[in-house]
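Take a look at the structure below.
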Amino acid sequence: MNKHHFDHFLRDECMDDIRLLIAESNPDIISSVKDCIDTECYYIDLVPNGIAAIKSFRRNSYDLVIIDSHLPELDGYNVCYQIRKVSDIPIIIISSMKKETDKLSFYKIGADDFLVKPISMPELMAKIKVLLRRTVGLKSISPRIILVDQIHIDTVSRVVYIDDKEIQLTPKEYELLLYLSQNPNRALSREVLLNEVWGVDFIGSDRTVDTHIKTLRDSLKPYHQCISTVWGYGYKLELL
């Protein structure tokens, strides 16, 4: 397979900041899916096997994942299972398996939808849009005030209040809190937080995230427990 099939595709005219991860090893399916999704101008990361899928998911922030059930190195079942353990991101499975028991096995571990090959591209696109509507639809709304318990984040003035009293945060602490609050109840790896808050060009250890989370929690007391640790992975801002 040509290397460019697994490169990161994007179009300069893209306006929607929607990013999909597609784990697929069949070049014909890759070409068809890419052509279909490109019409919607989404960002696409293509990976050829299950191990690469897990690594890419840990390093980036996605809005939806498409997984082939028969991936090399780590099969689609285990990729789906590993992702669902730490994230509620929409997952679509594509597979040659037609038995109801096979489909149910994926639904039981958290897959949102299941398509049997040969895939209908219009049907795939319709399912993608339905799932994105449930998640990205909320993300596209940018309220001035974000409420987390008694923590009020003013996204215009970049000021944070606790119990109506302004607290002092460093610029990075504010950006970290803002990103967490814009992705509530979603486990975010240290790599994703580094890329999104510090930038992909940042040179340093992911322990930078741990240090800033610690000082941020100190500043958010007594509501600091809203930021929970996902052991061995990263952090999550929990909303009840």
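Taken over the range 201-217, residues that are closer than 21 Å to residue 151 by Cα and β-branched (Val, Ile, Thr) amount to 4. When the range 154-189 is filtered for residues that are open to solvent by 50 Å² or more (accessible area, probe 1.4 Å) and more than 24 Å from the chain's Cα centre (by Cα), the ones remaining, listed by number, are 156, 157, 158, 161, 163, 164, 165, 166, 168, 170.
Suppose we keep only residues that are in a helix (DSSP H, G or I) and open to solvent by 30 Å² or more (accessible area, probe 1.4 Å) within the range 30-47. Which one would you say is farthest from residue 71 (Cα to Cα)? The selected residue is 35.
Within the range 222-240, residues that are touching a residue at least 12 places away in the same chain (Cβ under 8 Å) and farther than 17 Å from residue 59 by Cα have Cβ atoms under 7 Å from residues that are open to solvent by less than 70 Å² (accessible area, probe 1.4 Å) and charged (D, E, K, R) in these pairs: 227/217, counting only partners at least 6 apart in sequence or on another chain. Considering each residue of the range 185-240, count those that are on the phi > 0 side of the Ramachandran plot and basic (Lys, Arg), and give that number. Selection size over the range 185-240: 0.
Quick check on residue 68: is it touching a Gly at 6+ places or on another chain (Cβ under 9 Å), surrounded by 15 or more Cβ atoms within 10 Å (Cβ to Cβ) and at pLDDT 90 or above? Here the answer is yes, as residue 68 does meet what is asked.
This table checks each residue for (1) loosely packed, with under 12 Cβ neighbours inside 10 Å; (2) modelled with pLDDT of 90 or more; (3) of a type in the set (S, T, N, Q); (4) touching a Leu at 6+ places or on another chain (Cβ under 6 Å).
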| residue | (1), (2), (3), (4) |
| --- | --- |
| 94 | no, yes, no, yes |
| 99 | yes, no, no, no |
| 106 | no, yes, no, no |
| 123 | yes, yes, no, no |
| 130 | no, no, no, no |
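Go through the range 35-60 and give me each residue that's among the basic types (Lys, Arg) and either at pLDDT below 85 or in contact with an Asp or Glu (Cβ under 7 Å, 6 or more places away or on another chain) (or both). Matches in the range 35-60: 58, 59. Against the list (1) outside any helix (DSSP H, G or I); (2) more than 21 Å from residue 234 (Cα to Cα), the condition residue 65 fails is (2).
Of all residues in the range 88-113, those that are among the acidic types (Asp, Glu) have Cβ atoms under 6 Å from Cβ atoms of residues that are at pLDDT 90 or above and open to solvent by 20 Å² or more (accessible area, probe 1.4 Å), 6 or more apart or on another chain, in 113/127.
Check whether at least one residue in the range 48-58 is of a type outside the set (Asp, Glu), assigned to a helix (DSSP H, G or I), free of Cβ contacts under 8 Å to residues at least 12 places away in the same chain and open to solvent by 60 Å² or more (accessible area, probe 1.4 Å), and report yes or no. Scanning the range 48-58, I find at least one residue that is of a type outside the set (Asp, Glu), assigned to a helix (DSSP H, G or I), free of Cβ contacts under 8 Å to residues at least 12 places away in the same chain and open to solvent by 60 Å² or more (accessible area, probe 1.4 Å), so the answer is yes.
Could you please let me know if residue 231 is in contact with a Ser or Thr (Cβ under 9 Å, 6 or more places away or on another chain), of a type outside the set (Ser, Thr, Tyr) and surrounded by fewer than 20 Cβ atoms within 10 Å (Cβ to Cβ)? No: the conditions fail for residue 231.
The values are calculated or read from the model by the stated rules, or taken from the named source; none is laboratory data. Note that the structure is predicted; figures quoted are calculated from it, not measured. As a convention, Cβ positions derive from the backbone with ideal geometry for all residues, glycine included, and neighbour counts pool all protein chains shown. Just so you know, the surface numbers come from the protein's heavy atoms only, side chains and all, with ligands and any DNA or RNA stripped out. Shrake-Rupley method; radii C 1.70, N 1.55, O 1.52, S 1.80 Å.
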